[in-house]
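Enquirer: The following block contains the structure, expressed as structure tokens.
The values are calculated or read from the model by the stated rules, or taken from the named source; none is laboratory data. Computed from a predicted structure; not experimentally measured. FYI the Cβ positions are ideal-geometry reconstructions off the backbone, even for glycines, and counts take in every protein chain you see.
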Amino acid sequence: MNKQHIALPEGVTDADVANLKRTHGSVHRIAVKVDGKEYVGLFKKPDLNILSAAASLAGSDPIASAELVYNSCKLRADKGMDEDAEVHVAAMGAVGKLFRQLEAEVGEL
């Protein structure tokens, strides 16, 4: 079976990814493509502490809130993901989607 190559952030090896997984559990790859170039970052899922801190900023400054989540969850990323504003905003939006809001059922006994 042929394993397809998945691009990682510049300078990151498969061994680095394995270490990140051991440290953080799941690791999520976010890729943003613009003008034929792909920018890649590796992120952990936000926890309730990160989401709580972000929520305290969300009403007054939604960009700062998204930035807080991005920076708190970023493990490794291509330099361009931090420096190109459009790429950065796209990545911030993707990181915000890592925490799923699940449906719950309520019933009376």
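Enquirer: Within the set of pairs 6+ apart or on separate chains, which have a first residue in the range 65-93 that is touching a residue at least 40 places away in the same chain (Cβ under 8 Å) and farther than 17 Å from residue 33 by Cα, a second that is buried (at least 20 other Cβ atoms within 10 Å of the Cβ) and among the aromatic types (Phe, Trp, Tyr), and C-beta atoms under 8 Å apart?
Expert: These pairs meet every condition: 75/43.
Enquirer: Could you list all residues from the range 17-27 that are surrounded by 10 or more Cβ atoms within 10 Å (Cβ to Cβ) and within 21 Å of residue 46 (Cβ to Cβ)?
Expert: The answer is 17, 19, 20, 21, 23, 24, 26, 27.
Enquirer: For the subset of the range 91-109 comprising residues that are in a loop (DSSP other than H, G, I, E, B) and not aliphatic (A, V, I, L, M), which member is nearest to residue 45 (Cα to Cα)?
Expert: Filtering first and then ranking leaves 99.
Enquirer: Follow-up question, since we're still on this one. Just to check your reading of the model, which residue among 77, 54, 91 is within 25 Å of residue 23 (Cβ to Cβ), at pLDDT below 95, surrounded by 20 or more Cβ atoms within 10 Å (Cβ to Cβ) and of a type outside the set (Lys, Arg)? Steps first, please.
Expert: Details: 77 fails: at pLDDT below 95; 91 fails: at pLDDT below 95.
That would be 54, the only listed residue that is within 25 Å of residue 23 (Cβ to Cβ), at pLDDT below 95, surrounded by 20 or more Cβ atoms within 10 Å (Cβ to Cβ) and of a type outside the set (Lys, Arg).
Enquirer: Of all residues in the range 28-51, count the ones that are loosely packed, with under 14 Cβ neighbours inside 10 Å and of a type outside the set (D, E, K, R).
Expert: Count: 4.
Enquirer: From 77, 90, 55, grab the single residue that is under 14 Å from residue 9 (Cβ atoms) and either in contact with a strand residue (DSSP E or B) (Cβ under 9 Å, 6 or more places away or on another chain) or not charged (D, E, K, R) (or both).
Expert: Values: 90 fails: under 14 Å from residue 9 (Cβ atoms); 55 fails: under 14 Å from residue 9 (Cβ atoms).
Just a single option satisfies the conditions, and that option is 77.
Enquirer: OK, next. Would you be able to tell me the number of residues in the range 18-74 that are part of a helix (DSSP H, G or I), more than 15 Å from residue 90 (Cα to Cα) and out of contact with any Leu (no Cβ under 8 Å at 6 or more places or on another chain)?
Expert: Residues flagged as part of a helix (DSSP H, G or I), more than 15 Å from residue 90 (Cα to Cα) and out of contact with any Leu (no Cβ under 8 Å at 6 or more places or on another chain) within the range 18-74 amount to 13.
Enquirer: Out of the range 57-73, which residues are surrounded by 20 or more Cβ atoms within 10 Å (Cβ to Cβ) and of a type in the set (S, T, N, Q)?
Expert: Listed by number, the list holds a single entry, 65.
Enquirer: Still on this structure, I have one more. Before we move on, is residue 98 surrounded by fewer than 18 Cβ atoms within 10 Å (Cβ to Cβ) and in contact (Cβ under 8 Å) with a residue 60 or more places away in the chain? Before you say what the answer is, go through the steps one by one.
Expert: On the way: surrounded by fewer than 18 Cβ atoms within 10 Å (Cβ to Cβ): yes; in contact (Cβ under 8 Å) with a residue 60 or more places away in the chain: yes.
So residue 98 fits the description; yes.
For every residue, the table says whether it meets (1) of a type in the set (D, E, K, R); (2) in contact (Cβ under 8 Å) with a residue 40 or more places away in the chain.
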position	(1), (2)
6	no, no
13	no, no
19	no, no
24	no, yes
31	no, no
35	yes, no
49	no, no
52	no, no
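Enquirer: Among the candidates 17, 12, 34, which residue alone is out of contact with any strand residue (DSSP E or B) (no Cβ under 8 Å at 6 or more places or on another chain) and more than 18 Å from residue 96 (Cβ to Cβ)?
Expert: Going through 17, 12, 34 in turn, just one is out of contact with any strand residue (DSSP E or B) (no Cβ under 8 Å at 6 or more places or on another chain) and more than 18 Å from residue 96 (Cβ to Cβ): 34.
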